[in-house]
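Presented below is the structure to which this report refers.
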Amino acid sequence: MEKKLTSIFVNVFSIEESIVSNELKMGDIPNWDSLGHLNIITAVEEEFEIHFTNDEMIELKSFQDFFDLISTKIN
Amino acid sequence: MSTNMNNMTFSEIISKNNDLNNKIKNENKIFIKILSNITLHQIKPIIEYSLNSNDILCSVEIGEYDNIVKESLEISIEIPIIFWEISNLYDGFAFEIENFQIKKINLLKERIFLELNSLFSNLSTCKSVIFNKFSHLGFSHNLYEKSKFQKFIEDLNYYLINNKPKNFEVIEIDKCISICSIDKSFNFRNFYSNKSLYSPLFFKTYSKFLHPIFRCITGKTKKCIVLDCDNTLWSGIIGEDGAQNVKFHISDTGAGMYFYFISSILKSLHDKGVILCIVSKNNYLDVEEFFSLNINKSILKSENFILKKINWENKDKNLREIANELNIALDSLVFVDDSDFEIDLVRKFIPEISSLQVPKQLFKYPHFAIDYKNLFFSNNQTKEDSKRNKMYLDSVKRNKIKINYNDVNDYIKSLKIKVEIFENETTDIERYSQLTQKTNQFNLSTKRYEITELKNLISLENNHLISLKISDSFGEFGTTGLCILSLKGDFAFVDTFLMSCRVLGRKIEHSFMQELIKFSYRKKRKLKGIIFNYAPTTKNAPIKNFLDQTSEKCEKLENGDIEYFYDKNFKLNNKLHNIIWKKN
């Protein structure tokens, strides 16, 4: 699951895989602004076939946050 | 390259689009600007990838949020696409309007009509404008009675359709919504939180609706459909079942009705000017027997097919011959066959041709055919289009008598070609625009002009628009040549010089050139010469060959263009044609 999420981050933000880490957070890379955030949410929802609520969308601020919430939803 | 992105995820599209963008040079791209009052950033990679991966090179820019009318003033070379979402006139508008009095609704409507008028006027000189029809579906689909919001949208659409300028292409986005379904088109969570109404799936579907329009803009509309016979034009195998037993009519049992529907679709394409041909591994006489046996029953007649290659040769060879005999590029052809083998073979050996396989489940065949009609979409139908098949049929007859002549000039003289030349004649301006958009091979600059652009060009004092109408003893070719030249200072500059491939090979281009030069020196103008600025493309080598053969002086420019010089001493042919200058 971590590999799949990393690949989505790489594609959506057009970054090298080495930049993706658990600590990577919104604002660290130029493409992760508010519109980029909508893109990553859309891509993650599509690929993991899950849905986030409005509150969850706001709470998702780092790669680790995504990983944790997706784990909860798919398990 | 042709890609279907139905099965690609949004993140894959973003990634692949970035890779593709890095490979395409900017100077080859069409620039698209999206003007909108909702958040639409997700559409950019999807439209870019959808068009670029289908050889329509483009770059998409998203305009400012909610500034449609003002931004329309700044459009120059871009093709604008307008998403005007009425539900987002302001927060909650689609719900609040239900409580408005009629008077207030009418005032609002009048305000939008005024804004639409400003938009029409600001964008009237654009090459093309793509405007989405207003939609109420997202906010009314589950309501039995007609809401005020729905009525409001219907009135706006009525105004839009009846007042839009000719360069506005209207996309019915309700069709995209119906393909995706309501649930999958919209993302209301994102709409209420970020004004982002549509889903990536909707954008994928919407992008496909852009293909016909952009193929038209870029001169990539298909011209000819080549069909197999057995299980493509009729159900059954004629060589085994016999001409009298194949099924093709609505009254036939079994699969006949599907082929009847297909014949209706093909006939409508034929009547629009699409060339129909046959490539089939069969005995020629069997196929002709089918047409003669069913002359009253079959919608399609033998003469509706301009060329029939019915033999046992490989189909790629036959298809190349068809393109050659019709003098059209291979990528103007669409090939339809039911066989995996034949489709794979043609895809492999001639990837430029769009090869389409008849669906295995025949009930899908009619909609498959409706879908490929998009490949032949033309936003600018002219009277030449409906005559095109007759013209090509005449052309085939001409070629048959050509073999009787040893000397090409004798053959040309025998055709008794009449060339009528017109200066600034505007009654045929739609055809001129179409010629600039469709002509690829014998085209000096490949500049594509819309009607409004041509009108503007002619209105300038030094510009002259010269057109040709051609006929011969077999029939009429109609308007098939065009030149735009401007007489400035010591030189005449040729901006556009083109001729339809249908009339090439008869040395009319030589006469046309000669007449243009005579025209430039009229009224004792003291010119140093006439300059033809050739801009190379992947397809316009034929005109370069002509210029190389006829001009004594040329100069290569830094941007890759070549300037060819001619002066008043130019003289080429010996009265091969009857030339008549028509006065305005």
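Quick notes
- Any chance residue A:45 is within 14 Å of chain B (Cβ to nearest Cβ) and exposed (fewer than 14 other Cβ atoms within 10 Å of the Cβ): no
- Those residues of region B:558-584 which are under 21 Å from residue B:487 (Cα atoms) and assigned to a loop (DSSP other than H, G, I, E, B), in sequence order: B:561, B:567, B:568, B:569, B:570, B:571, B:583, B:584
- The numbered conditions (1) modelled with pLDDT of 95 or more; (2) facing chain B (nearest Cβ under 10 Å); (3) in contact with a helix residue (DSSP H, G or I) (Cβ under 7 Å, 6 or more places away or on another chain) are all true for residue A:14 except (1).
- Against the test of being small (Gly, Ala, Ser), touching a residue at least 24 places away in the same chain (Cβ under 8 Å) and farther than 23 Å from residue B:16 by Cβ, the options A:62, A:34 yield a single qualifying residue, A:62.
- Listed by position, the helices (runs of 4 or more DSSP H) inside region B:159-245 whose residues that are within 14 Å of chain A (Cβ to nearest Cβ) and under 30 Å from residue B:139 (Cβ atoms) number at least 2 are B:182-185, B:188-194, B:200-217.
- Candidates B:580, B:484 - the one that is at pLDDT 90 or above and surrounded by fewer than 16 Cβ atoms within 10 Å (Cβ to Cβ): B:580
- Taking the listed residues B:62, B:68, B:77, the one that is among the aliphatic types (A, V, I, L, M), without any contact (Cβ under 8 Å) to a residue 60 or more places away in the chain and touching a His at 6+ places or on another chain (Cβ under 6 Å) is B:62, with no other qualifying.
- Restricting region B:296-328 to residues that are β-branched (Val, Ile, Thr) and touching a residue at least 60 places away in the same chain (Cβ under 8 Å) leaves a set whose member that is nearest to residue B:272 (Cα to Cα) is B:306.
- Every condition in (1) under 24 Å from the mean Cα position of the chain (by Cα); (2) outside any helix (DSSP H, G or I); (3) within 14 Å of chain A (Cβ to nearest Cβ); (4) at pLDDT 95 or above is met by residue B:5 except one, and the failing one is (4).
- Qualifying residue in region A:13-23 (condition: among the acidic types (Asp, Glu), closer than 25 Å to residue B:189 by Cα, without any contact (Cβ under 8 Å) to a residue 40 or more places away in the chain and outside any helix (DSSP H, G or I)): no
- Residue, surrounded by the most Cβ atoms within 10 Å (Cβ to Cβ), within region B:390-407, restricted to residues that are in contact (Cβ under 8 Å) with a residue 60 or more places away in the chain and of a type outside the set (D, E, K, R): B:392
- Answer residue from region B:24-38, given it is touching a Phe, Trp or Tyr at 6+ places or on another chain (Cβ under 8 Å) and at pLDDT 95 or above and is nearest to residue A:43 (Cα to Cα) among those: B:38
- All of B:46, B:14 fail the test of being under 26 Å from the mean Cα position of the chain (by Cα), more than 23 Å from residue B:536 (Cα to Cα), surrounded by 19 or more Cβ atoms within 10 Å (Cβ to Cβ) and within 12 Å of chain A (Cβ to nearest Cβ), apart from B:46.
- 1 or more residues more than 20 Å from the chain's Cα centre (by Cα) and among the charged types (D, E, K, R): qualifying helices (runs of 4 or more DSSP H) within region B:279-386: B:284-293, B:315-326, B:340-349
- When the test is whether a residue is more than 14 Å from chain A (Cβ to nearest Cβ) and closer than 21 Å to residue B:124 by Cα, residue B:151 does not pass it.
- In the condition set (1) facing chain B (nearest Cβ under 10 Å); (2) surrounded by fewer than 16 Cβ atoms within 10 Å (Cβ to Cβ), residue A:75 is compliant with all but (1).
- Qualifying residue in region A:60-72 (condition: over 21 Å from residue B:8 (Cα atoms), within 14 Å of chain B (Cβ to nearest Cβ) and touching an Asp or Glu at 6+ places or on another chain (Cβ under 8 Å)): no
- Enumerated helices (runs of 4 or more DSSP H) restricted to region B:40-128, each holding at least 3 residues that are of a type outside the set (Phe, Trp, Tyr): B:43-52, B:68-72, B:102-122
- Within region B:402-441, the set of residues being over 32 Å from the mean Cα position of the chain (by Cα) and not in a helix (DSSP H, G or I) comprises B:403, B:404, B:405, B:406, B:407, B:416.
- Only one of B:112, B:173, B:153 that is buried (at least 16 other Cβ atoms within 10 Å of the Cβ) and touching a strand residue (DSSP E or B) at 6+ places or on another chain (Cβ under 6 Å): B:173
- Just one of (1) within 13 Å of chain A (Cβ to nearest Cβ); (2) closer than 28 Å to residue B:447 by Cβ fails for residue B:78. It is (1).
The values are calculated or read from the model by the stated rules, or taken from the named source; none is laboratory data. Nothing here was measured: the structure is a model prediction, and the numbers come from that model. Neighbour counts are summed over all protein chains in view; Cβ atoms, including those assigned to glycine, are modelled from backbone coordinates with ideal geometry.
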